[in-house]
Amino acid sequence: MVAGLGKDWALKTISLRPWPAASSIQSVVTAVLALAETHDLHPDQVDRIEVGLSKTVYDMHGALPWDNKFRAQLSTPYVTGVALHDRRCWFEQFLPERLQDPALGAFIRDHIQVVADGSVEDTGAVVTVHTSDSRTLEDRRAYPRGDAADPLSRAEIFAKLRDAADGVLKLDAAGQTIDMLVDLANLSEMGELCSVLSRVVPAAARGS
């Protein structure tokens, strides 16, 4: 029970989701964003996208519609399409006006195919893009960004906190929170951190 006590830290093996989508399809977002960035890929260059999932993940997420925020966050076709179009997968990608965008919806229905792929295990994914100039681009992930096997950097974790706090915490409260968390061992009282975290923007001023 005490093996590795003080040396092995379980916190180093946890997973952090970079994006507000189902944990089982984080590998899909990882692969799509990597392809878009690596190849400077844009929707008008795409003829077809194939997304391969394990059968278990496919059964849960392979063919879900995106007619509301909750289902969109679980929908492989939707997160594939919106991540490619916006090169981002954050809360604004799941707002009603984005879900109902006719051009995005048409692209997803006409150009994205999701299949159960026997070569994919667990929550991995393989994304294959066939471009209009006859290239085939592929990104295969055994695990998503943010998994213990491919952890987020400290800078990426801080960026996520800032994104999540934007419009919720008052100006600079996120920065103060990060400073306190980095130096948590020397924080005299947790009340100091709680005080900063309580500096929220009034709901009426948040917009949405």
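The conditions of being surrounded by fewer than 21 Cβ atoms within 10 Å (Cβ to Cβ), closer than 30 Å to Gly167 by Cα and in contact with a His (Cβ under 8 Å, 6 or more places away or on another chain) are met by Leu74.
Hey, does the range 149-163 have a residue that's assigned to a helix (DSSP H, G or I), over 17 Å from Leu16 (Cβ atoms), in the same structural domain as Ser195 (by TED's automatic domain parsing) and in contact (Cβ under 8 Å) with a residue 24 or more places away in the chain? Looking for residues that are assigned to a helix (DSSP H, G or I), over 17 Å from Leu16 (Cβ atoms), in the same structural domain as Ser195 (by TED's automatic domain parsing) and in contact (Cβ under 8 Å) with a residue 24 or more places away in the chain, one finds none in the range 149-163, hence no.
The values are calculated or read from the model by the stated rules, or taken from the named source; none is laboratory data. Computed from a prediction, not measured in an experiment: that's the story for all the values here. Virtual Cβ from ideal backbone geometry, glycine too; neighbours counted across all protein chains shown.
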